[in-house]
1. Does P57 satisfy being surrounded by fewer than 14 Cβ atoms within 10 Å (Cβ to Cβ), in a helix (DSSP H, G or I) and at pLDDT below 95?
2. Identify all residues within region 97-156 that are of a type outside the set (A, V, I, L, M), farther than 29 Å from S25 by Cα and part of a loop (DSSP other than H, G, I, E, B); write none if there are none.
3. Looking at W24 and the list (1) modelled with pLDDT under 90; (2) buried (at least 16 other Cβ atoms within 10 Å of the Cβ), which single condition is not satisfied?
Amino acid sequence: MLNYVTNISFVLGLKLKRLALDTWSTKERLTLASAVQRSGDQNWSCVSRIVKPFAEPNRPPDWFSQKNCAQQYGLLLENVETPKRKKRSAGSSERSEVEIPGERIVKKLTDERCLELERFMAESQAEYLQLLDECAAICCGDADDKIPELLQEIEE
């Protein structure tokens, strides 16, 4: 019975670690996939060094260890759709090109990252325009009657 409990806690510990790996940001996963594409999937020390500078704030020191990078890349490979080969036509001499999984991962993550950056830019632009309107209102004296509300917001 004790051995069974130990095995369960061991499995649960692995699942907890695996869940932590799933929380990599799109930027980190894209950097990882690009580093693997550049350095290969056997050179994890190099991949780890490449990915570390792109870490999100407050990541633990071992977040981009060689083992974690290999496991995270394994997760990316598990979730990639493998394309089917195209059939050549009878008279065609051109070879059919098939994207390898690494290229497909990088392409998908690049698209995701572009969408994230576009959303961030739109939010930043909206915030900038709102601040610009508030500055104009302050300069014109239109915001004088809102000073008590602003003070209350600042205190909260």
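The values are calculated or read from the model by the stated rules, or taken from the named source; none is laboratory data. Computed from a predicted model, the values in this text were never measured in an experiment. Here the Cβ positions follow ideal geometry from the backbone for every residue, glycine too, while neighbour counts run over all protein chains shown.
1. no
2. Selection gives E97, G141, D142, E156.
3. Exception for W24: condition (1).
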